[in-house]
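First up is the structure itself, then whatever we jot down about it.
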Amino acid sequence: MCTMDDDNYILDADGNRILIGLTLDETREFEGLDELMSNVSFVPTDDSRSLNERRWLVLYDKHEAAVRIYLSSQNAKALRAPRVE
């Protein structure tokens, strides 16, 4: 469905690469669902597709909300930093 670039990932306290705003387990679940739904040979039933898509969307929305907050805080830090010429 989508591909996440490296800017969407951070390292957690244990050094695991995770999507911003998601736990390690949620990141793995999101990536698995993303791969499953983008696989052209995947022929879901209406029920499984609906459940998978809804869960993917919940995780995606959680990630996107966290990215907005993360970027805002990074921008605020950059504005407060002394300017070096």
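The values are calculated or read from the model by the stated rules, or taken from the named source; none is laboratory data. These figures come from a predicted structure and were not determined experimentally. Methodologically, a virtual Cβ is constructed for each residue, glycine included, from the backbone with ideal geometry; neighbour enumeration extends over all protein chains shown. Calculation scope for accessible area: heavy atoms of the full protein, side chains included, ligands and nucleic acids excluded. Shrake-Rupley method; radii C 1.70, N 1.55, O 1.52, S 1.80 Å.
Which residue pairs have Cβ atoms closer than 8 Å, lie 6 or more positions apart in sequence or on different chains, and pair a first residue in the stretch 54-81 that is modelled with pLDDT of 85 or more with a second residue that is surrounded by fewer than 12 Cβ atoms within 10 Å (Cβ to Cβ) and of a type outside the set (K, R)?
Y60/C2
Please specify each residue of the stretch 30-40 satisfying the condition of being over 18 Å from A65 (Cα atoms) and open to solvent by 50 Å² or more (accessible area, probe 1.4 Å).
If the condition is that a residue be over 18 Å from A65 (Cα atoms) and open to solvent by 50 Å² or more (accessible area, probe 1.4 Å), then E35, L36, S38, N39, V40 are the ones that fit.
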